[in-house]
Amino acid sequence: MTVIWSRLSCIVLLNRGQRNISLFSNTTPSNWNKVVSDAEKIVGYPTSFMSLRCLLSDELSNVAMHVRKLVGTKHPLLNTARGFVYDSRNNLQMRGLVVLLMSKAAGPGQHKASDVFPQDMVSGIYPSQRNLAEITELIHTAFLVHRGIVNLKEWTNSDGPLKDMQFGNKMAVLSGDFLLANACTGLAQLNNTKVVELISSAIGDLVQGIYHEMPNSLEDKSLTDDINMVTWEEQRFLSHGALLAKSCQAAMELAKHDKDAQGLAYKYGKHLSLGHKLNSDLQPFVKNSSAGPVTFSLNSAPVVFHRQIVGQERWRHQLQQAKTIGTIDYTKLRSTIKLEEGVTSTMDLCRYHGNKALESIQCFPSSEARSALENIASTVTKF
Amino acid sequence: MATPWRHCWRWTIGSTSTGVLETICGFNGRSATFAASSFRGTGAVAGSGKEGLSSRPVNTTSIGNYILTSRHKSRLLYPTPKPCCCKRIHSDAKLKDPFSLAQKDLNHLYDDIKKELFVSKSELKSLCDYYFDGKGKAFRPMIVVLMARACNIHSNRDGDLLPGQRSIAMISEMIHTASLVHDDVIDGSDKRRGKTTINEVWGERKAILAGDFILSAASMALARIGNNTVVSVLSQVIEDLVRGEFMQLGSKENESERFKHYLEKTFKKTASLIANSCKAVSILVNSDPEVQEIAFQYGRNVGIAFQLVDDVLDFTACASQLGKPSATDLKLGLATGPVLFACQQFPELHAMIMRRFSTTGDVDRAWQYVLESDGVDQTNYLARSYCREAIRQISLLRPSPEQDALIRLTEMVLTRDKKSATIELVGGELTLTGVPKNRLCQATWMQC
């Protein structure tokens with residue numbers, strides 16, 4: 001089994017050069033790749049290595065061996081596991097990269113009496129901040145895995161053998177827990193209880209956010225839910241923003257930067273994440289119509305805006321009209337939504353968050369790390 | 001509202017409560033001394049003396065072999081009661097049982113936990129609160145509270161808990177519950193503490209999230225204590241819990257390795273939480289590493305004994321009115337202490353262990369082998385020696401009522417019974433092959 005994983009790590013190594021990490025699938029890959037590879041050079045750290053220590057542990061090699069049994073089944077863990085190695089959709093390790101850039105942009109700590117010394121820094125980043133970046137990734141990955149747990153009662157025979165799903169769940173629970181446990185011990189080693197509390201609260205936020213996003217029953221509750229954009233933003237902050245915002249803040253705390261700097265870093269993480277989420281929600285609406293079949297969540301930002309604009313009554317009517325034999329014709333629904341202001345409102349909101357993110361880092365001294373953060377923030381507002 | 005977490009613990013050790021080891025001492029001094037020295041010699045049971053945390057001793061096969069070859073079964077099997085070492089405790093009528101000593105500190109335990117689990121979303125809140133209904137045993141918080149008080153008195157203070165120690169009692173129960181919630185998903189269980197499990201009611205996805213949420217709340221409470229060493233010690237528990245669960249996935253071909261593997265898994269899955277929580281409360285009041293080690297070793301030994309007894313109960317306690325024991329572990333493919341001991345007498349079990357009792361009829365056959373063997377007795381015997389070491393450790397502290405309570409608690413660990421078995425007992429119908437009736441009647445550790 002070590003063989004498998006050393007092979008996998010080779011793939012990671014090989015893929016590093018031409019890795020197609022895309023935060024936003026719409027942005028031209030070359031454009032985005034340049035942003036990432038430049039950023040990686042700045043932090044002096046190949047971000048793909050970040051969770052490698054964990055991936056190469058005995059426990060996860062064990063899982064890897066077992067996951068092979070899942071090949072051919074529909075368990076979501078399979079895709080998540082593939083994502084560990086090469087990922088083009090899940091923005092693998094982007095959070096870690098942002099935390100490192102933020103650490104570098106903020107520079108050495110201000111307090112002379114503190115126990116952090118500039119000479120400990122490597123490429124302008126404290127070792128503790130590098131560990132934090134890794135922890136952030138571990139937590140993010142743990143929840144990618146835990147999101148993929150299958151509810152066994154909703155599983156039907158036509159979906160394949162129940163036994164496979166049970167087994168897949170077992171592996172998913174264990175490997176997610178393993179990543180979280182490593183995050184916990186990693187946090188403890190940072191020797192800063194404020195950071196432990198902050199990141200633990202981010203885990204709690206993440207759980208709440210993911211919980212909100214789960215459909216309550218097979219018939220999607222969202223169809224009747226009177227959700228508005230204010231709640232949408234609150235919930236998406238929990239599920240997509242809290243971890244990055246709090247990690248950025250924690251990176252400042254580790255370097256003993258003052259409350260103001262911590263607040264700014266938090267803001268950057270928050271607005272960047274929300275901008276990113278809005279951008280990816282927009283994708284089905286801005287892509288070329290001819291590019292194959294579309295689907296989108298009825299809880300994605302443009303739809304929620306649209307529902308708010310047209311009102312619950314008309315929305316239900318429109319939804320009914322887009323249905324043929326019980327299934328939604330998304331292409332038709334999209335055309336209906338595009339007639340109103342939902343899409344442009346989402347774009348405006350996305351630009352707002354991108355600009356807020358840009359604004360929040362202007363107080364940091366001008367540096368290549370700051371420019372990289374600015375590049376990332378402005379990429380968010382391109383559709 | 002003070003949740004009546006404790007309702008009513010009936011502590012009914014009768015005259016039959018004398019320990020096996022003590023009894024051997026009385027009846028059979030020479031071989032028992034030999035037995036005891038063989039434990040020491042191999043470092044088998046105790047984390048005796050100055051052993052580091054890392055050297056968790058595990059060479060138990062030698063015990064097994066010794067028990068198998070040199071002892072006479074009849075002497076070990078619950079002989080006529082004869083009070084000896086426990087006399088000091090039981091004769092003192094003024095001493096209260098461990099629960100009442102700890103109760104004052106645990107009155108608000110579940111309310112405090114629910115406050116930590118603050119969420120706006122009502123459904124997630126009800127999932128998280130589900131097991132904190134006041135009906136749990138709060139076994140871990142009780143040990144933690146008693147240990148904290150014992151350490152405080154040892155450190156020339158009054159017994160009263162420090163705020164951080166109170167938090168640790170709460171956190172220990174939270175970590176335990178979070179791991180139960182995940183375990184139930186992993187094992188596909190539908191019942192826990194007489195309730196339908198979270199995964200059965202709300203589905204696996206939500207159950208896992210609820211477990212994660214409880215863990216994050218525990219971790220926040222831990223951080224707020226503000227002590228980095230305490231954070232490290234309890235984070236280790238979380239890692240141990242997961243590693244222990246991973247260890248359960250594999251089985252070892254070699255028999256001695258298998259026993260080592262089993263005890264290491266037992267430490268990680270059960271004892272680590274108790275040992276490290278005990279250590280954490282000692283750290284908050286006493287900087288002496290020796291005191292911290294005593295707290296850790298007490299928790300470690302009690303924890304392993306607790307799990308060994310639990311593994312025995314899986315064979316002897318009754319899950320249903322029919323009086324048929326549950327054998328849950330066998331059904332999950334797990335070979336616990338009684339099976340591993342039985343395998344030394346019946347090598348036929350080896351193949352079944354290796355295939356994790358997966359062939360039809362394996363569970364029933366393994367079950368029969370275990371009952372025909374000395375597996376149950378030997379596991380109990382092993383548990384007893386862990387308890388003895390726990391007593392030896394805690395006795396190194398300055399005497400206090402809490403220290404006494406911790407000593408008596410080891411006896412409760414050995415004689416406890418699952419609630420379901422107790423119900424059977426109340427009906428007075430309990431007859432189990434391989435388990436003498438008085439063994440089950442010795443003590444009833446139950447809730448009303």
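The values are calculated or read from the model by the stated rules, or taken from the named source; none is laboratory data. Source: prediction; values computed, not measured. With ideal geometry, Cβ positions are generated from the backbone for all residues, glycine too; neighbour counts draw on all protein chains shown. Side chains are part of the model used for accessible areas, which takes the heavy atoms of the whole protein and leaves out ligands, DNA and RNA. Shrake-Rupley method; radii C 1.70, N 1.55, O 1.52, S 1.80 Å.
Tabulated values for the structure
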{"item": "Residue tally, condition more than 7 Å from chain A (Cβ to nearest Cβ), among the small types (Gly, Ala, Ser), touching a residue at least 60 places away in the same chain (Cβ under 8 Å) and buried (at least 22 other Cβ atoms within 10 Å of the Cβ), over segment B:189-220", "result": "3"}
{"item": "Pick from segment A:216-263, criterion among the basic types (Lys, Arg) and modelled with pLDDT of 85 or more, ranking: surrounded by the fewest Cβ atoms within 10 Å (Cβ to Cβ)", "result": "A:Lys259"}
{"item": "Condition check for B:Asn276: at pLDDT 95 or above and either buried (at least 24 other Cβ atoms within 10 Å of the Cβ) or at negative phi (or both)", "result": "yes"}
{"item": "Conditions (1) modelled with pLDDT under 95; (2) crowded, with 23+ Cβ neighbours inside 10 Å: number failed by B:Ala271", "result": "(1)"}
{"item": "The lone exception for B:Ala327 - which of (1) on the phi > 0 side of the Ramachandran plot; (2) touching a Cys at 6+ places or on another chain (Cβ under 6 Å) it fails", "result": "(2)"}
{"item": "Close pairs from segment A:115-134: first within 10 Å of A:Ser103 (Cα to Cα), partner among the aromatic types (Phe, Trp, Tyr) and in a loop (DSSP other than H, G, I, E, B), Cβ under 7 Å, at least 6 apart", "result": "A:Arg130/A:Tyr45"}
{"item": "Segment B:223-259: number of residues that are within 7 Å of chain A (Cβ to nearest Cβ) and either open to solvent by less than 20 Å² (accessible area, probe 1.4 Å) or acidic (Asp, Glu) (or both)", "result": "8"}
{"item": "Cβ pairs under 9 Å, 6+ apart, first in segment A:223-244 and under 21 Å from A:Val207 (Cβ atoms) and acidic (Asp, Glu), second in a helix (DSSP H, G or I) and at pLDDT below 90", "result": "A:Glu234/A:His212"}
{"item": "When residues of segment A:145-163 are limited to those that are in a helix (DSSP H, G or I) and crowded, with 22+ Cβ neighbours inside 10 Å, the one nearest to the other protein chains (Cβ to nearest Cβ)", "result": "A:His146"}
{"item": "Out of B:Gly134, B:Gly159, sole residue that is away from chain A (no Cβ under 14 Å), open to solvent by less than 30 Å² (accessible area, probe 1.4 Å), over 20 Å from the mean Cα position of the chain (by Cα) and at pLDDT below 95", "result": "B:Gly159"}
{"item": "Test: residue in segment A:364-372 that is modelled with pLDDT of 90 or more and within 22 Å of A:Pro284 (Cα to Cα)", "result": "no"}
{"item": "Cβ-Cβ under 7 Å pairs, at least 6 apart or on other chains, segment A:370-383 side hydrophobic (A, V, I, L, M, F, W, C), far side part of a helix (DSSP H, G or I) and open to solvent by 40 Å² or more (accessible area, probe 1.4 Å)", "result": "A:Ala372/A:Asp38; A:Ala377/A:Leu358; A:Phe383/A:Val286"}
{"item": "One residue from A:Glu368, A:Glu340 being closer than 30 Å to A:Pro108 by Cα and not small (Gly, Ala, Ser)", "result": "A:Glu368"}
{"item": "Checking B:Lys265 against (1) open to solvent by 10 Å² or more (accessible area, probe 1.4 Å); (2) within 7 Å of chain A (Cβ to nearest Cβ); (3) under 30 Å from A:His75 (Cα atoms), the condition it does not meet", "result": "(2)"}
{"item": "Single residue of segment B:283-297 satisfying the filter (open to solvent by 40 Å² or more (accessible area, probe 1.4 Å) and not acidic (Asp, Glu)) that is farthest from the chain's Cα centre (by Cα)", "result": "B:Ser287"}
{"item": "In segment B:352-399, residue farthest from the chain's Cα centre (by Cα) [restricted to those that are farther than 28 Å from B:Leu249 by Cα and without any contact (Cβ under 8 Å) to a residue 40 or more places away in the chain]", "result": "B:Pro399"}
{"item": "Residue count, segment B:220-236 (criterion: at positive phi and of a type in the set (Ser, Thr, Tyr))", "result": "0"}
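Residue by residue, here is whether (1) open to solvent by 40 Å² or more (accessible area, probe 1.4 Å); (2) more than 12 Å from chain B (Cβ to nearest Cβ); (3) among the acidic types (Asp, Glu) holds:
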{"site": "A:Ser123", "(1), (2), (3)": "yes, yes, no"}
{"site": "A:Phe143", "(1), (2), (3)": "no, no, no"}
{"site": "A:Gln166", "(1), (2), (3)": "yes, no, no"}
{"site": "A:Val173", "(1), (2), (3)": "no, no, no"}
{"site": "A:Ala183", "(1), (2), (3)": "no, no, no"}
{"site": "A:Asn192", "(1), (2), (3)": "no, no, no"}
{"site": "A:Val195", "(1), (2), (3)": "no, no, no"}
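One line per residue, one yes/no per condition, for (1) touching a strand residue (DSSP E or B) at 6+ places or on another chain (Cβ under 8 Å); (2) modelled with pLDDT of 75 or more; (3) over 25 Å from A:Leu358 (Cα atoms); (4) aliphatic (A, V, I, L, M):
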| residue | (1), (2), (3), (4) |
| --- | --- |
| A:Cys54 | no, no, yes, no |
| A:Glu59 | no, no, yes, no |
| A:Thr73 | no, no, yes, no |
| A:Pro108 | no, yes, no, no |
| A:Phe117 | no, no, yes, no |
| A:Ile139 | no, yes, yes, yes |
